[in-house]
Amino acid sequence: MRVLLVGASGQLGFEVKRQMQAGFTLMLPSSRQLDIRSAEQVAKALRELKPDLIINAAAFTAVDQAEQEPEQAFAVNERGVKHLAQSNLPIVHLSTDYVFNGELQRPYREEDKPAPLNSYGQSKLAGEKALTAVNPRHLILRTGGLFGVHGNNFVKAILYKAQNRQLLTVVNDQFSTPTPAPALAKAIGQLAKHYREQAKLPWGIYHFGGQPAVSWYEFAVTIAEQALILGLLKQRPEIIAIKSADYPGAVCRPRYSALDSGLLQRSLGLSPPDWRDGLRQMLAQLA
Ligand SMILES: NC(=O)c1ccc[n+]([C@@H]2O[C@H](COP(=O)([O-])OP(=O)(O)OC[C@H]3O[C@@H](n4cnc5c(N)ncnc54)[C@H](OP(=O)(O)O)[C@@H]3O)[C@@H](O)[C@H]2O)c1
């Protein structure tokens, strides 16, 4: 089966590539070779590459920059997705917990109403709508707080600051379900296998977030504890819990954007990972 992976150089794309190297003919154009903002480039690439399945891990993911330059975020996250969707090829697409406003106080389910608080979330929701409007063979995976050895993420930022003895202040009133990128990549590989074997998938929107829900502060404390055990840190850093309101100029983020991943588990037997296992595995690779 020929699989076009868009965004292969990104944090998730790197892990998907690693997962799917065996058993699939993977096509991995760079963003220079295939810029999804261009309808012509997308049409040409699809004509030439003739994929059986598209996995779209490409996105404009810089949340702060998206607030300054929303047009750039929408160009990739909405129009780029629309260009891929118009092919009518089956597509596995990634979206985000930031489509929600975080006011629900329980993990979000697929049927909960999205109401994004920032431009990044708005652009990702617009992408979901662009895809679902034109292409019925879509499987959208919403995830949150991705972390892995490749790329920039919260785990690496905490580790770097702790190693350089910088002051660590982390919000304790925002909660999410951090997700190990390798576990998500494995689930995507299993979806592709399912499609290869059965020529169909239970199309729709699904959530996939690491368990259990945690505040960014607790997550940072666990990162530091694990890093100490593995010798990545020589001494315990001081981590100060702060409130989101202490960051007056920051981009608005959801308070509680944990994802309930039960539907994917019930529909396809894909269990959400425990993020603590993923964290140990990631740090062990860095040690
Ligand atoms: N990171 C998170 O915490 C998080 C949380 C929730 C959801 N998600 C979603 O998960 C998916 C993967 O995120 P990630 O963290 O792996 O992202 P990432 O590391 O920022 O990687 C983004 C990828 O998209 C590519 N890309 C950007 N603009 C493009 C364009 N115009 N045409 C083609 N490719 C383009 C980049 O290529 P270059 O490297 O060449 O620029 C890169 O390969 C995204 O859909 C994101 O919205 C991420």
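For the range 171-214, which residues satisfy the criterion of being among the hydrophobic types (A, V, I, L, M, F, W, C), more than 15 Å from the ligand (Cβ to nearest atom) and in contact with a helix residue (DSSP H, G or I) (Cβ under 7 Å, 6 or more places away or on another chain)?
Val171, Ala192, Leu201
Can you tell me which residues in the range 184-235 are open to solvent by 40 Å² or more (accessible area, probe 1.4 Å), farther than 21 Å from Ser257 by Cβ and touching a strand residue (DSSP E or B) at 6+ places or on another chain (Cβ under 9 Å)?
Those that are open to solvent by 40 Å² or more (accessible area, probe 1.4 Å), farther than 21 Å from Ser257 by Cβ and touching a strand residue (DSSP E or B) at 6+ places or on another chain (Cβ under 9 Å): Arg196, Pro202, Trp203.
Scan the range 46-53 and tell me whether some residue there is without any contact (Cβ under 8 Å) to a residue 60 or more places away in the chain, closer than 18 Å to Gln122 by Cβ, within 14 Å of the ligand (Cβ to nearest atom) and surrounded by 15 or more Cβ atoms within 10 Å (Cβ to Cβ).
No, that holds for no residue.
Can you tell me which of (1) hydrophobic (A, V, I, L, M, F, W, C); (2) surrounded by 14 or more Cβ atoms within 10 Å (Cβ to Cβ); (3) without any contact (Cβ under 8 Å) to a residue 24 or more places away in the chain is the one Ala181 doesn't meet?
(3)
From Gly80, Gly121, Gly102, which residue is crowded, with 16+ Cβ neighbours inside 10 Å and at positive phi?
Gly102
With the requirement that a residue be farther than 27 Å from Gln65 by Cβ and either within 16 Å of the ligand (Cβ to nearest atom) or out of contact with any Leu (no Cβ under 9 Å at 6 or more places or on another chain) (or both), what does the range 90-110 give you?
The answer is Leu104, Gln105, Arg106, Pro107, Glu110.
Taking the range 21-45 as the region of interest, how many residues are surrounded by fewer than 21 Cβ atoms within 10 Å (Cβ to Cβ) and of a type in the set (A, V, I, L, M, F, W, C)?
Of the residues in that region, 7 qualify.
Scan the range 136-165 residue by residue and report those that are more than 15 Å from Ala187 (Cα to Cα), open to solvent by less than 30 Å² (accessible area, probe 1.4 Å) and more than 12 Å from the ligand (Cβ to nearest atom).
His138, Ile158, Leu159, Ala162
Answer yes if at least one residue in the range 220-227 is closer than 25 Å to Val99 by Cβ, part of a helix (DSSP H, G or I) and in contact (Cβ under 8 Å) with a residue 24 or more places away in the chain, and no otherwise.
yes
The values are calculated or read from the model by the stated rules, or taken from the named source; none is laboratory data. Note that this is a predicted model, so its numbers are computed, not measured. Cβ coordinates were reconstructed from backbone atoms using ideal geometry, including for glycine residues, and neighbour counts include every protein chain displayed. Areas reflect the complete protein model, heavy atoms only, side chains present, ligands, DNA and RNA absent. Shrake-Rupley method; radii C 1.70, N 1.55, O 1.52, S 1.80 Å.
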